[in-house]
Structures are given as structure tokens and as C-alpha cells.
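The values are calculated or read from the model by the stated rules, or taken from the named source; none is laboratory data. These figures come from a predicted structure and were not determined experimentally. Every residue, glycine as well, gets a Cβ built from its backbone with ideal geometry; the counts of neighbours run over all protein chains shown. For the accessible areas, the whole protein counts, side chains as well, though only heavy atoms, and no ligand, DNA or RNA atoms are used. Shrake-Rupley method; radii C 1.70, N 1.55, O 1.52, S 1.80 Å.
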Amino acid sequence: MQRIVLTFLCAVTTFILSAQTGTIRGFVYDKANGEAVAYSSVYLKGTTIGSSTDQNGFFSINKIPPGEYILIVTNLDYDTIAEKLSVKANDIINKKFYSTKGGINLDDINVTAEQTEKIENPGVGTTKIDPVVINKLPSVGEPDLAQYLQVLPGVVFTGDQGGQLYIRGGSAIQNKVLLDGMVIYNPFHSIGLFSVFDNDIMRNADVYSAGFGAEYGGRVSSIMDITTRDGNKKRIAGKVAASTFGAKLNIEGPLKKLREDGRGSSSFLVSGKTSYLPQTSKVLYPYANKDGLPFSYNDIYAKMSFNANNGSKINLFGFDFSDQVNYTGLANFKWNSFGGGSNFILIPNNSSLLIEGVFAYSQYKIDYKGPEALNLKGQMQANQKSSTIGGFNGGFNFIKFFGRNEFRYGFELIGTNTDYTIQNPNFVDAINYSKISTEIAGYMKYKWILANKHIVLEPSFRLHYYATFNNLSPEPRMSAKINVTRRFRLKGAAGMYSQSLMSASSDRDVVNLFYGFINGPDNLPDSYTNKDGKTLEVKSQLQKAWHAVGGFEVDVFKGLEIQVEAYEKFFNQLTNVNRDKLFDDTPENANKPDALKKDFVMEQGRARGLDFVAKYEMKRFYFWAVYSLTYNDRWTGNTADGQVFHYAPVWDRRHNVNLVATYTMGKKRNFEASVRWNYGSGFPFTPTQGYYPQINFGNSATFDYTTANAQLGYIGGDYNSQRLPSYHRLDANIKWRYKWTERTTLEVTAGATNMYNRENIFYFDRVKYKRVNQLPILPNVNISITF
């Protein structure tokens, strides 16, 4: 009883003391264009009380004892701001600061937001990407997020043509991509050098490769969260660029100009980019493909932002992305994705609560048409596939600050409609899978900084209800950091994850540009054998996983940082397309094993790895070294012989190395040279065991096979039992900038991808007995004007 009374008195005392303190909150903006300035350090001089701005430029400092203070706002890229403030008990002071670029800091200011971020946030499995850093890499055409992601630790990229990104052992379908809170179902174009995102309109991109918190859900491997800028609030600005690969145009400006003493503002931003590679490649790169490189795309994104005087704002946005690949006489792929929505930030005047929300809809449709063949009815028929997914997502996030600690909670509503159709000459009728699903989720997350910042704990919990499948998934998660010293820090995270979406393509397919979706498939086996030989009942249509990751980070000396992380992801229930199906699942075939009649099979998977990152940045020189060691395993629990089938998935790359260096030259720093070298050990492949004449009898008992022309069929050996040759590539470019006027800059970039023309294998055409390589050396020139 005494303990209960004591605990109650402590709680009351804490509440009374906190009620006798004040709060300073507000935003930091760029004075030139009104954009938010993220990751600035905001604190009270001479104290340990402070905070950092988030991606919206927002900061909140509470539990401030009454008194007179000097508030300091500092950022390495901006001049330091200092302002005297008087804090009274129970006061909430709202401020807006406008920073001037230049990096002039007061002599006694040595606190940086970057250092604060390292100490106060676990940052496990997390990479925060700044568009400025993307510009440091050698680029093909304009700098692009897709080219930068290939350098990140734990990321495996399967090829220049149609390649997908696999993040720490997760397949592409297991990676969730958000753009301003809206789900993007396919973020990469068929030529793997480009994404749908325009680097010049990005504010930041956060990649969570393992152990992410409960605010994210619906995927079992990773999250990519991308935020765009609001647009220039002071003047009309933009960029025009053209290269040997494509062109783009950005324009932005105020609808209502921002005035520092004004009552609010509004702005717009429009970005468009296109590829004319099928046309230019016939002239510039005839050695790559005499018919021209068959990749084309068009991307449009638009956004309007409306900002209130207190910092609250609402954004409206929409996009249309399209892509097409036409291999003459072989196959045609085309997809289109469109959507729109709104997100907002609310700052209640008399509360320290921050409210965020998003409501959005997006749709993605892909079509594939292959060559014609004789079907079972004796007719010529094309091999065709189509997949459509449309989804609504909406939700609220609430953030409450307690000094440097913070409590986040929120909920999310998700609606998804999938439709997948396949018409194959080997099937009598088309096969179709359609499903509408609804998901509801809620989460809580608390960041707790204790022991004088030596320990940071971030427990979180997500409750995800898949209403259509009547399945409730409780998902506890935890991340932590121990600051042994200010320069040496230990960190770790773990959690449970789930999702209902699966790929419409088999994970065993070596090359597949068809990226489709199936939601909660029904035709599943009743049971399967796990990797340990135990028979498990299939109780849900969900895919599930757990993560564990840990490591350390050390600031060796000024400018040099080293990070090491080890991880394991165990996918305890996966669903995959059954490539061995021979019979329809009908009563007549009831005695046939599930492995030969079900549309899908159950699997388990495991990804283990070790990632090493060294980053050095000092004045004119930037160097980044990344090494990843990975082991990926899959176990199929439904086979005709009843045995568990163990194999390495097609993205299992044992060793991956990336080296990036950039050097800035000239008195005006207007010359920049960049180089990137990538090495990857070989992917697994299935050897050819033999060939045979393949005849389609057209479902006819009178078919005369003695006069028919047979196609060449092959018999595969042990699945993925051998390895392809290793992959390596050198990219380089040199960049020159000329400041035409105060606001206009001309930039010319010349370089090449695959500088020493390495013949990296794409795949082997078994029928033609011909090796098909990735892209050869591709020199390129890019010219842009920023105004």
C-alpha cells in the first residue's frame, strides 16, 4: 500500500511541476523559398534543453522552467539564429524562424542536429537520404533515387533491365513505398536506372531496411518513406533538363506569396519527365541493340500546399506514371499508375499536441502480351497476363512531446482491390483472381531518453486487423540505443510483421518484368511442412515475419563515421505461385497431392547478413564504402514427394561492394568529379540437364504428331544449384556549373555507365543457346538550367 501511495504522490508531483513550466514550439523555414529546414538544432543557450526540427521544420521544446533565455537555431548549411525569449509558467510560445543559407555559425556554437540525431534516436536499420547526397553519385541523365538506392547497405539490385530492389532479403512485394503518405505499388521503371521520383522535388527519403517501428505496417521486409517539397513560396522557379536518355521540366511558385509578417501562404509544384531512349539509342547506342533500347516512360507529379500562419498546412497532390517495354516479336510490357490525395499537419493553438493525417488513393495496372502458340483447342493464342491493384489509405498520427521524450499514436484504414488474369496456351480457360480487402490498424510508440542520454528506448506496438480475412495480428516491436560515449554507440531492434499481398509472379522466376499483385489467395494447401520437418496447419492467408538487428556506430574522427549492423529476418509463413501444378483442384483429383493441384504453395524463408558502412566527408572530398554479406534461404513445404525443398532465391547475392567518391574542384567549386564502382558475386541459376522436342497436341485425339513441328523444350537440373559469373561495373562523370545570374545556373554533366564495358550477364536464352548481357558502356551528356 505504501508503494502505491508513494507512486501516486510522485506522479502528482511530476504533473504539478510540469504544469509550472512553459513550451516553445514552431517552425524553421528557408528564407529564400519558404521551404522547411529539417534537422536543425534548436535549444536554449547555456542549458541542456532543446530539440531538433523534423522533416516539416517543426520543433517543440517543453518543460521549460520560467525565466529569460536565448533561443539558438543552428544548422551547418544556414546562418545561426539567436533570439531572446521570456518563458512563463503554462505558456505556449509559437515561433517561426527564417534561416539564410551560408553556414555562418557563432563561435561558441558546436551543437549540430546531426549529432543530436545520432544520440537521441536509435536509427537501427535506417538510412535517411538527402537529395543533395544523391547528387554526389555518378548519374545516368539526371540524378535519380533508383541509382542511389543501389548503393545502400543490404540492398541487392538484380539488373539494369527490369531489375528489382531486394532489401535485406525481402522480395520486391515485401517492400512498402510511400510518397507523401500515399502507397506507390511500383516505384521503378523497367530500365533499372530510373525511378518514378524526381530528385529535385524530393525533400527527403527514409529507408527502413529492418526492425522498423509500429507506425508502419502491411509489409514484412522494409519501408521506403518519401516526402516532397511544398514548392517555392517566394517566386516562380524551376528546372529544365535534357540528356541522351530523357528530359524533364519542373516549375514551382507561390499562389499566395509568403511574407514573414503575413497571415499564411500557398504554393504549387509540378514535375514532368520522359524518356526518348527508344529513339536516341538507335543513333547513339546501336551496338547495345540494333532496334534501339526498348524502354520508355512518362512521369507527372503535381502538388499544392496551403499554409496557415501558425504552421498548420494542407497539401493536395496527384500523379500519373507510365512505362512501356517492347521487345519486338517477343513480348510487350506496359504499366500505368495514377493516384492522388491529401496530407495535413494541424497545430492546435493551446496544446502541445501535433496532429498529422493523410487520405489517398492510388492504382496500378500492368499488361503483358507474349508470342502466340497453339492452345489446347488447336487455335493460335497469345500468352497474356494482366494485374490491377487499387488502394485507399487514410489515417491520423498524434504526437505528444514530454521534454525530449515523445509519445506517438495513431490509426490507419486501408482498402485494397486486386484483379489478376492470366491466359496461357497451356490452359483451356483464362484464370482470374479478384479480391477486395479491408484492413484496420492502430499503433502506439514511445521514445524514452534516460540516464542522461546514455540510453534510448523506443518500444512500440501495432494491432493490425485484416477484416476480410478475419485475422488479428498483434505486432510488438522494440528498438534501443546505448550511447557508450558520444562517439561510440550500440543499437538494436526487433519486431513482428505481417502482410496480405503476394506477388503474381513466382520468386523462382529468373527474369520477369511483370510485376503483379494477388491479395490473400484462397486456393492454399491445408497444411505444409516447415524447414524443421514439422507439419503445420495453414490458419491464415497472411504472410508473416520477425526481424532482429543489432550493431554499432562510431565517429572515428571528424568527418569519418563507421556503422556495422548484423540482422536476421525469418519469414515464418510465405505464399508463392505453384509452378508445379498439373491438375485442377476438383473432386475428381481429390487423391492428388496438394503440390500438384493447388494454385499456391506455402514456404518459409530466412535472410541473414552483415553490413559495413564507412563514410568520410571533409570539405571538397566525399567517400562512401559499403560491403554486404548476405545469406538467403527458402524452404517449400508442399512438394509431390512430401519432402521439404530447400533453395536459394534468385536474389541471393553473397557479397556486394559499393565504392563512391566525389571531389569538388575549382576556386568557385564549380567542377565536380564522381565515380562509383560496384561488385556483386553471382546470382544462383538452374543448369540445363537436357533438351527434348516439345509438341502441343492441341487437346486433339486425332492430332498427327508425326508431321508437326516441335518446339525445343529443356529439362532443368537441380534448381539454383549453380552460380552465374560475378557482376561489376564502373560509373563516372564530371560536372560543371556556371552561375549565369543570381538565380540562374547552367549545369553540364558528361560521363558513362559501365565505363570499361564489362559484359555482365542478364540471362541465358536456353532455346537459342545464347547469352544475353546487361547494358554495355553508355556514354551520356546531361544539360540543365535551374532558374
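Side notes on the structure shown:
- Applying a threshold of 9 Å to beta carbon distances and a minimum spacing of six or more residues, or different chains, the list of pairs starting in the range 713-733 at a residue that is closer than 8 Å to THR686 by Cα and modelled with pLDDT under 90 and ending at one that is in a strand (DSSP E or B) and among the hydrophobic types (A, V, I, L, M, F, W, C) reads TYR719/PHE645.
- The range 118-156 - residue that is among the acidic types (Asp, Glu) and in a loop (DSSP other than H, G, I, E, B) and, of those, farthest from SER479 (Cα to Cα): GLU142
- Identity of the residue in the range 526-541, surrounded by fewer than 20 Cβ atoms within 10 Å (Cβ to Cβ), touching a Phe, Trp or Tyr at 6+ places or on another chain (Cβ under 8 Å) and touching a residue at least 24 places away in the same chain (Cβ under 8 Å), that ends up farthest from SER434 (Cα to Cα): LYS531
- Among the residues of the range 130-154, not one is touching a strand residue (DSSP E or B) at 6+ places or on another chain (Cβ under 7 Å), more than 27 Å from TYR276 (Cβ to Cβ) and free of Cβ contacts under 8 Å to residues at least 60 places away in the same chain.
- Within the range 557-572, the set of residues being closer than 22 Å to THR630 by Cβ and open to solvent by 20 Å² or more (accessible area, probe 1.4 Å) comprises ILE562, GLN563, VAL564, ALA566, GLU568, PHE570, ASN572.
- Among the conditions (1) modelled with pLDDT of 90 or more; (2) out of contact with any Lys or Arg (no Cβ under 6 Å at 6 or more places or on another chain), the only one that ASN307 does not satisfy is (2).
- Filtered residue count, the range 767-787, keeping only those that are under 29 Å from the mean Cα position of the chain (by Cα) and assigned to a loop (DSSP other than H, G, I, E, B): 4
- Single residue of the range 733-766 satisfying the filter (assigned to a strand (DSSP E or B) and among the basic types (Lys, Arg)) that is surrounded by the most Cβ atoms within 10 Å (Cβ to Cβ): LYS735
- Any hit, the range 688-696, residues being among the β-branched types (Val, Ile, Thr), in contact (Cβ under 8 Å) with a residue 24 or more places away in the chain and crowded, with 16+ Cβ neighbours inside 10 Å: no
- Looking across the range 57-95, the residues that are β-branched (Val, Ile, Thr) and either free of Cβ contacts under 8 Å to residues at least 12 places away in the same chain or within 12 Å of GLY22 (Cα to Cα) (or both) come down to ILE61, ILE64, VAL87, ILE92, ILE93.
- For GLN384: the one exception among (1) closer than 23 Å to ILE173 by Cα; (2) modelled with pLDDT of 90 or more; (3) open to solvent by 40 Å² or more (accessible area, probe 1.4 Å): (2)
- Leading residue by the ranking (farthest from the chain's Cα centre (by Cα)) among those in the range 233-246 that are open to solvent by 30 Å² or more (accessible area, probe 1.4 Å) and hydrophobic (A, V, I, L, M, F, W, C): ILE236
- Of all the criteria given as (1) open to solvent by less than 60 Å² (accessible area, probe 1.4 Å); (2) assigned to a strand (DSSP E or B); (3) out of contact with any Ser or Thr (no Cβ under 9 Å at 6 or more places or on another chain); (4) over 24 Å from PHE488 (Cα atoms), the one not satisfied by GLN604 is (3).
- Restricted to the range 51-73, and to residues there that are hydroxyl-bearing (Ser, Thr, Tyr) and open to solvent by 10 Å² or more (accessible area, probe 1.4 Å), the residue that is farthest from SER41 (Cα to Cα) is TYR69.
- Tally, over the range 321-338, of residues that are at pLDDT 95 or above and more than 17 Å from LYS273 (Cα to Cα): 0
- Residues that are assigned to a helix (DSSP H, G or I) and either small (Gly, Ala, Ser) or out of contact with any Phe, Trp or Tyr (no Cβ under 9 Å at 6 or more places or on another chain) (or both) within the range 157-214 comprise ALA172, ASP200, listed in sequence order.
- Qualifying residues in the range 74-86 (those that are among the hydrophobic types (A, V, I, L, M, F, W, C) and out of contact with any helix residue (DSSP H, G or I) (no Cβ under 8 Å at 6 or more places or on another chain)) - the one least open to solvent (accessible area, probe 1.4 Å): LEU85
- Look at (1) surrounded by 15 or more Cβ atoms within 10 Å (Cβ to Cβ); (2) of a type outside the set (Ser, Thr, Tyr); (3) touching a residue at least 60 places away in the same chain (Cβ under 8 Å); (4) under 30 Å from ILE167 (Cβ atoms) and you find that HIS646 fails only one, number (1).
- Only residues that are surrounded by fewer than 18 Cβ atoms within 10 Å (Cβ to Cβ) and assigned to a strand (DSSP E or B) were counted across the range 484-495, and they come to 2.
- Looking only at the range 405-435, residues that are over 19 Å from GLY395 (Cβ atoms), surrounded by fewer than 15 Cβ atoms within 10 Å (Cβ to Cβ) and modelled with pLDDT of 90 or more come to 1 in all.
- Complete set of residues in the range 16-45 that are at pLDDT 85 or above and farther than 22 Å from ASN307 by Cβ: THR21, GLY22, SER41, TYR43, LEU44, LYS45
- Among (1) in contact with a strand residue (DSSP E or B) (Cβ under 8 Å, 6 or more places away or on another chain); (2) over 23 Å from GLY170 (Cβ atoms); (3) surrounded by 13 or more Cβ atoms within 10 Å (Cβ to Cβ) - the single one ALA708 does not satisfy: (1)
- Residue among LYS619, LYS558, LYS569 that is touching a strand residue (DSSP E or B) at 6+ places or on another chain (Cβ under 9 Å) and modelled with pLDDT of 95 or more: LYS569
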